[in-house]
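Student: After the structure tokens below, expect a handful of questions from me.
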Amino acid sequence: MNKRLGYAPCWLGAAIIGMSLVGTTFAADDQPTVTFQDAATHQQRVAESAKTVDYGMLPSHTARKWVDRATKFAASTYPLTQSGKATGKNEQDVNLIYDPAKIWHAEKEGKATGPSFLTGTPTDSAASASALGSGSKTYNSSINKSDASTDQRSFDFVAIPQLAKQYGKITGTVTTVPLSHATPAGLGGAHNLSRGNYAEIANEMYTRGTLDLVFGAGHPMYDDSSRDITDPEKRNYNYVGGKETWELLKSGKHSNGWKLIETKADFEKLADGSLLMDEAFAHVTKLTGVPFVASTLQQGRTGARGVQTDAEVPAPYAVPMNTNVPDETTMIIGALNFLQKRSKEAGNVGFYVMLEGGAVDWAAHANQKPRIVEEIQAHQKATVAVLEWLEKNDLLKETLVISTADHETGLVWGPESDKFAFDPIRDVNGDGVADFRFNSGGHSNSLVPFWVWGGNEVLFQGMTIKTDPEMGALYGPEYTRYLDNTDVFRLSSRAITDSRSGIRNVIVLIGDGMGLNAIGASNSVK
């Protein structure tokens with residue numbers, strides 16, 4: 001492991017021709033001050049970066065066969081509005097729509113406006129999860145609620161797991177962050193006017209009847225380093241539905257029949273299949289797993305939380321991992337084993353599951369270079385494990401797998417992006433590690449990767465595919481074409497409802513906050 005952290009992109013294809021390049025400093029709460037950079041210099045840096053880094057959702061050096069089998073796009077992620085609460089209008093704010101012209105070429109009074117457009121118009125995870133899960137745009141903070149009304153009577157969107165359940169499938173959601181957070185909530189079929197109502201959301205996930213499996217962090221008795229919280233006043237039960245719900249889950253007396261697992265050993269036994277052979281699990285139909293950790297499996301562990309600079313941060317994996325929790329791959333494979341078992345018991349009805357590497361976003365918000373590398377690589381490892389599990393169980397032909405991000409976080413660009421806008425990530429020192437910097441502590445409206453395995457032309461019929469030539473020049477021709485995050489629902493719903501698709505199972509993998517530059521940077525760290 002190279003202990004020096006920097007980052008670079010694999011800007012495949014031709015350099016941007018005639019593009020105005022600008023220098024700027026991007027702070028989360030400041031408007032950029034820009035000066036122009038010579039386009040030829042930028043093109044040279046793009047060429048340099050292409051020598052060392054790839055932008056694959058899976059790194060080619062570890063998963064070539066899966067990289068080659070994927071159908072690749074980029075995806076837009078903008079919300080309906082940024083109001084933070086329902087307006088009652090249900091009208092798209094046109095100023096938020098992703099527009100290449102506003103990013104790569106737009107300038108005002110000699111200053112570039114592209115970076116500030118990206119940081120000023122993003123979705124939050126709730127609106128994005130709602131779009132991914134229901135196919136409908138909504139306001140930031142909404143969990144599958146329409147903007148048409150300002151109270152709980154607002155129209156509920158029908159989300160993928162609800163549709164899957166209507167078609168008799170087994171359903172689940174898995175995340176490395178709290179189980180009732182925005183992405184598992186939105187793609188788990190919950191509904192709420194505000195993403196912050198964690199206890200309400202968790203209780204809906206446990207009582208509505210949509211889900212058969214719920215795995216995620218949020219354990220009330222442990223902190224971020226998986227240590228006991230001895231002071232009862234410091235225990236947070238909101239993520240698991242409140243203290244009463246937690247006690248029902250612990251005692252096995254929840255009215256909806258949920259079985260709870262918590263220990264690393266139980267997650268590992270579920271992943272290797274032995275737990276499902278245990279008599280105590282023979283008749284379990286609803287399974288929830290909450291590891292011994294508060295916010296995230298690993299990102300929040302003691303050692304580098306909230307620090308900003310390289311000098312303050314150890315290399316990836318230098319801080320000892322929490323050893324009392326399963327890793328992302330173990331949780332996911334265990335979940336797949338349970339869902340497939342339940343599917344077989346119900347007559348091979350198939351399953352739907354959302355699998356989130358949620359702490360990529362948390363690391364990016366905190367501008368933690370080592371942690372974002374750890375989290376992206378953990379999610380990539382889990383993605384490969386999912387594909388190999390499908391191959392091992394002879395399920396590839398009947399499974400649609402979508403791997404994408406809900407948005408980009410951190411406005412990650414190259415080492416001089418505090419001086420020059422869109423400075424490419426690249427290996428500056430020739431040590432094989434790409435250099436990068438965070439230019440924001442929030443989300444951006446950047447396009448994200450959208451990879452698909454399985455399915456056929458039936459799923460894509462009539463789908464609108466837009467183009468952004470600059471994306472292709474920077475990241476490779478496959479990213480010239482982009483879909484929208486609502487197309488995750490369109491593809492999934494067609495796979496579930498159209499018999500011509502030949503699809504029985506749907507798996508949606510979300511790398512929360514995983515932008516292309518952060519992925520390229522992480523792929524260079526071996």
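Student: Can you give me the accessible area per residue for the stretch 315-380, using a 1.4 Å probe, in Å²?
Tutor: 25 Å²
Student: Counting only protein heavy atoms and a 1.4 Å probe, tell me what percentage of the chain's accessible area is made up of carbon and sulfur.
Tutor: Looking at the chain in its full context, I get 49 percent from C and S.
Student: With each run of n ≥ 4 DSSP H residues scored as -39500 (n - 2.57), what mean residue ellipticity at 222 nm is computed for the chain after dividing by its residue count and rounding to the nearest 500 deg cm²/dmol?
Tutor: Dividing the helical sum by the residues of the chain leaves -8500 deg cm²/dmol.
Student: Calculate the dipole size of the chain relative to its Cα centre from +1 charges on Lys and Arg beta carbons and -1 charges on Asp and Glu beta carbons; express the result in debye to the nearest 20.
Tutor: 940 debye
Student: To the nearest 10 degrees, how steep is helix 369-392 against the longest Cα principal axis of the chain, on a 0 to 90 scale?
Tutor: Between the helix axis and the principal axis of the chain, the angle is about 60 degrees.
Student: Can you give the percent of C-alpha pairs in the chain whose distance is more than 33 Å? Present the calculation step by step, with values, prior to reporting the outcome.
Tutor: On the way: 49285 of 138075 pairs.
In whole percent, the long-distance tail amounts to 36.
Student: For ASP68 and LYS89, calculate 0.36 nm times their separation in residues minus their Cα-Cα distance, and state this gained length in nm to one decimal.
Tutor: Numbers: separation 21, 0.36 × 21 = 7.56 nm, distance 4.40 nm.
Value of the extension gain: 3.2 nm.
Student: When DSSP assigns beta bridges and you keep just the ones with both residues in the chain, what percent turn out antiparallel, to the nearest 5?
Tutor: In the chain, DSSP labels about 40 percent of beta bridges as antiparallel.
Student: Additional query: Could you provide, to the nearest whole Å², the per residue accessible area of the stretch 407-526 with probe 1.4 Å?
Tutor: 27 Å²
Student: With every protein chain left in place, what is the accessible area per residue of the stretch 171-212 in square angstrom, probe 1.4 Å?
Tutor: I get 19 Å² per residue for this part.
Student: Just report the Cα centroid separation between the stretch 147-209 and the stretch 47-113, whole Å.
Tutor: 25 Å
Student: Take every Cα-Cα distance within the stretch 386-447, group them into 10 Å bins from 0 onward, and report for each bin the whole-number percent of pairs it holds.
Tutor: 20, 29, 20, 23, 9, 0
Student: Follow-up. With everything on Cα atoms, drop me the angle between helix 39-50 and the longest principal axis of the chain, reported from 0 to 90° to the nearest 10.
Tutor: Tilt of helix 39-50: around 40 degrees.
Student: Given a Förster distance of 30 angstrom, what is the FRET efficiency for ALA106 paired with SER149, based on the Cβ-Cβ distance and rounded to 0.05?
Tutor: 0.30
Student: If you take all C-alpha pairs in the stretch 431-526, what percent of them are over 15 Å apart?
Tutor: So the pairs more than 15 Å apart make up 69 percent of the total in the stretch 431-526.
The values are calculated or read from the model by the stated rules, or taken from the named source; none is laboratory data. Note that this is a predicted model, so its numbers are computed, not measured. Counting neighbours? That spans all protein chains shown, and the Cβs are built from the backbone with ideal geometry, glycine included. Ligands, DNA and RNA are stripped out before the accessible areas are found, and what is left, the full protein with its side chains, is counted by its heavy atoms. Shrake-Rupley method; radii C 1.70, N 1.55, O 1.52, S 1.80 Å.
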